[in-house]
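Read through the structure below, which is laid out as structure tokens, and then see the notes.
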Amino acid sequence: MIHRSILQGKLEILKELFNVSSSAGAEDITSNAPAAGAHNRSLLRDSKARFGGGLIVGLGFSALAFAGSASAQDAQPKRGGTAVFVLQEDPTYLTRDLTTNSETGTIGCILYQGLMGINAEGEAYPLLAKSVDISDDKLTYKFVLNDARWQDGKPITAKDVKYTYEEISGKHSPTFKRTLTSIDKIEAVSDKEIVITLKKPYGPILIALTCQQGAAILPEHVYVGTDPLTNKASNAEPVSSGPFILKEWVRGSHLRLVKNPDYWEQGKPYLDEIIAQVVPSGAGRTQALLSGQVDRIPWFALETSDYPLIERNPQLLLQPARKPPATDFISINTEKKPFDDKRVRQALMFATDREFLLKSAFNGQGAASTSPFAGGFPWAIDPEMDLSKMYPYDPARANALLDEAGVTRDASGKRLSMNFIIEPGEEGGSQIAAALKNMWEQVGIDLTIETIQPPLSTERIAKGEANIAYHGYSSGGDPAIGWSGQFVSTTIGSLRGNAARYSNPEIDELFTLGQSETDLDARGVYYKKAQKILGEDMPILTIHDPVDKEAQGAWLKGMENEYMFPTWRDAWVDK
Amino acid sequence: MRSFIIRRLITSVPVILAIVLVSFVLTRLVPGDPIVALVGDYPVPPEYVEERRQAFGLDQPIYVQTLIYFKNLFLGDFGYSFVNRLPVMDVILQRAANTLLLVVPSQILGSIIAVLLASMAIRRPGGRLDTGLTSLILFVDSIPIFWVGQVFIIVFAVQLGLFPVQGMFNIRSTGSNVILDFLWHWALPGSIVSTFAMVAIARVARVSMIEVSRLDFITTATAKGLNRRRVFFRHILPNAMVPVIAVIGYTFGQALTSSFMIEAVFGWPGIGELFLRSVASRDYPVLQGIFLLTATLVVLSNLLSDVISSQMDPRIEYGR
């Protein structure tokens, strides 16, 4: 942990330096030549590359950053060895381009890489691309590819990129489908050069070209003329190019990935083998880590209730996962009376003691939300926006607002009866439902709690059959990717879309503007404005900003620069 | 004898088909859309959902789906898993083998121990050993199997570090002795499944032996002056074994289901984990395959125990 804070200190300094240099105004982001040394890659990921801000990440800084990352890693990485991490279940596919399943992301983003990667800060950097040139009008992006090969020896070309985007991701990835709608054309200019032209500027475009967002590059020669969903390369025998390649997959037991001898980043990876072991029981995963049978539990496979058990063990590290921020919230069906009146929705927020929910339902982990968006995008969050101050727990005010809105009490003191859908797997769901039933009774609202399993719950919520429902959503790495779907009217009725069925042309407009800029600060203006309106309108009651944690043995090193789904390129075992 | 087995096999076919038909309709009547489960937790356009639904033939009415399924079944095609994107047989067979590796030895071991314990206990019904066995049966019967699994993991694997926590083989090693490695991983889950099987069988074995030992021909045998050992092995045991054999066959189905839970606790890559996952994702073809397989296994194990019983007990006729 100490080393991590040192690293972060260095990073702050680096960021300062980079921000000074950003006045140069060039829009060229170049990655370092792979041959320049083992630390170059981590340099680039450590450094904060804010694309919108227009700064240079160039070779000139490599020496400086080399010093930064060298002191961060207390020892020279050891080569060889095996690391084991757990999965809850087998992945469905082996490429993220076909599904948003977390297990698939975990394996798929080791096997296949996107043009862009994503650093510990959640920002994009060139990965399979060597460099990115962005035109002044922010419409044309020219990528030059690294000299990488597929495991069958064929080179990775611009044609692979074009084919993947147009024929695979663009047709099958729930996430990339959306990206493709902002793209005008994709041209393979030469073997190693690809030009993407946008219809209009799209803020999250570089993030959208990462493996995490369903844009990992796949081999055209393996896929051409086949259905990617049934092609063996998708579900059994991948032909990949990442630092590790699949050697064996025993379903229900494990996937064994071995070092790719032809991997394009010289000197990497350090480990000989990584194994993903399938452990369906949550307790079993924690016990396997405690006994040393496995080395790491990713955030989506670690139970919050096991945090203290891991924290107590000096051999293990428990740390906040670097991943897109998420939020747990209650959606209110704004189409149903009396919830079409915003005073009623505000009253519900006043009637909700979120501090108590944080303590009782989440063991104090995470924070009570301060904004209709979860934290995590400082540039998009209005610091003056604080829901805790705007809506302190105050049943008296809730009662007054409900009276004002004409939702009166009957003889028994009841104003309203309504259903509340929770999903059994959703963390804290049942505790929240029980506590809310109590809290809202005081303002005359009678809740009927319906515990419904997905996928049925998802369907019913999308159809508008819930008065209120409790969910967890992920931001998907950018407000334009995740949060917009909660609030814009075009996603009403879609699965995991706008569950509140909230429709406000002004909000639709602000989200459209927010994604059409590339400069983060300029984008922030629209999102801040949107938060003000949403904080007043309250289509959803944001309850909790979760902080998901991941656990690993202290002997596992080199994972500091990973984001969401580790690539394991820098990992090594110190044992 | 041979015609009996053949006749039983033939009559088993409609039983299995009926189970498959009922489970086919039931799984589809359970609310929840497999496509929604497949798409996952991400907002997707409705066209995408519709396109997936058509790709899997889920836009057809249930009776059409049923007819297609049975037609394919008779052609030897067990369907295609939505989630795994593989033919159902490919998904199920390896898992089924792993489950059988856990259950079959447990059932055999449990049966042997059950008969041994029961025959020792009935030497003095109501004695210390007998009371001990009855208490053990009651105790094991009243605790949930997954809880025992958890306790065993915490005590023997995490605290004492004697056994592995999860899995069927040591996935890190490549060179170690496969059989020893398997036994080492089998020890905890196997002993639990064996114990639960043992208890169910011992209960019947004990009662059956006590009943037989009170019958007239035993009194006659003892009165004839035969020694205890001879009376037990020649007269009590063979007669008492008939219901025991039946119960071994009958509890095989139970052993399969209890192993599903133990598999989940111990990360045993068997059919249990696949079953739970397929229910959650509404992977109908895989569920269908599992129902078909378990129904067949239970029917066969019952048939096997009937054949053995009839061999042992001349009173059982093969039927006409």
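The values are calculated or read from the model by the stated rules, or taken from the named source; none is laboratory data. Given the structure is predicted, the values throughout are model-derived calculations rather than measurements. No Cβ is skipped: glycine too gets one built from the backbone with ideal geometry, and neighbour counts run over all protein chains shown. Heavy atoms of the whole protein, side chains included, go into the accessibility calculation; ligands, DNA and RNA do not. Shrake-Rupley method; radii C 1.70, N 1.55, O 1.52, S 1.80 Å.
Quick look at the values:
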{"item": "Listed residues A:Gly375, A:Ser430, A:Ser484: farthest to the positive end of the dipole of segment A:326-545 (Cβ charges)", "result": "A:Ser430"}
{"item": "Whole-angstrom gap from segment B:109-166 to segment B:269-289, using each part's C-alpha centre", "result": "30 Å"}
{"item": "Cleavage-rule hits, trypsin sites (Lys or Arg not before Pro), segment A:309-397, DSSP coil, Cβ neighbours within 10 Å at most 16", "result": "A:Arg312, A:Lys336"}
{"item": "15 Å beta-carbon shell around B:Pro14, net charge (K/R +1, D/E -1)", "result": "+2"}
{"item": "Protein accessible area in the protein assembly as shown, 1.4 Å probe - carbon and sulfur %", "result": "59 percent"}
{"item": "Residues with amide H under 5 Å from that of A:Lys130, placed H, sequence gap 5 or more", "result": "A:Val144, A:Leu145, A:Asn146"}
{"item": "Estimated 222 nm signal from helices in chain A, with DSSP H stretches of n ≥ 4 weighted -39500 (n - 2.57), rounded to 500", "result": "-8500 deg cm²/dmol"}
{"item": "3J(HN,Hα) from dihedral phi, segment B:197-203, Karplus parametrisation 6.51/-1.76/1.60, rounded to Hz, x for glycine, proline", "result": "5, 4, 4, 5, 7, 4, 4"}
{"item": "Chymotrypsin sites (Phe, Trp or Tyr not before Pro) restricted to segment B:269-320 and DSSP loop, no more than 15 other C-beta within 10 Å", "result": "B:Tyr318"}
{"item": "Size of the A/B contact, given as accessible area buried on both chains, probe 1.4 Å, in Å²", "result": "4000 Å²"}
{"item": "Karplus 3J(HN,Hα) series, Hz, for segment A:381-392 with 6.51 cos²θ - 1.76 cosθ + 1.60 (x for Gly, Pro)", "result": "9, 6, x, 7, 6, 9, 4, 5, 7, 5, 10, x"}
{"item": "Cross-link partners of A:Lys138 among lysines (Cα-Cα below 18 Å; sequence separation of 8 or more within a chain)", "result": "A:Lys185, A:Lys199, A:Lys200"}
{"item": "Tensor-based shape of the protein assembly as shown (alpha-carbon gyration tensor, a/c under 1.5 rounded, otherwise prolate or oblate)", "result": "prolate"}
{"item": "By accessible area with a 1.4 Å probe, ligands and nucleic acids excluded, highest first: order of A:His221, A:His254", "result": "A:His221, A:His254"}
{"item": "Proximal charge balance of A:Tyr307 [Cβ under 11 Å; K/R count +1, D/E count -1]", "result": "-3"}
{"item": "About the Cα centre, charge dipole magnitude for segment A:378-427 (Lys/Arg +1, Asp/Glu -1 at Cβ), debye", "result": "380 debye"}
{"item": "Per-residue ³J(HN,Hα) for segment B:62-68, Karplus 6.51 cos²θ - 1.76 cosθ + 1.60, θ = phi - 60°, Hz, x for Gly and Pro", "result": "4, 5, 5, 4, 5, 4, 4"}
{"item": "Å² per residue, accessible surface of segment A:435-575 at 1.4 Å", "result": "30 Å²"}
{"item": "With at most 13 other Cβ atoms within 10 Å, longest stretch of chain A clear of loop GluC sites (Glu not before Pro) (DSSP)", "result": "A:1-334"}
{"item": "Under-5 Å amide H pairs with A:Ala216, H placed in peptide plane, nonlocal only", "result": "A:Asp97"}
{"item": "Between helix B:128-141 and chain B: long-axis angle, C-alpha atoms, 0 to 90°, nearest 10", "result": "10 degrees"}
{"item": "Lys/Arg +1, Asp/Glu -1 at C-beta; chain A dipole; positive extreme among A:Ile194, A:Ala571, A:Leu402", "result": "A:Ala571"}
{"item": "The protein assembly as shown: antiparallel DSSP beta bridges as a percent of all, rounded to 5", "result": "75 percent"}
{"item": "Cα convex hull of segment A:526-575, projected area averaged across orientations, nm²", "result": "5.7 nm²"}
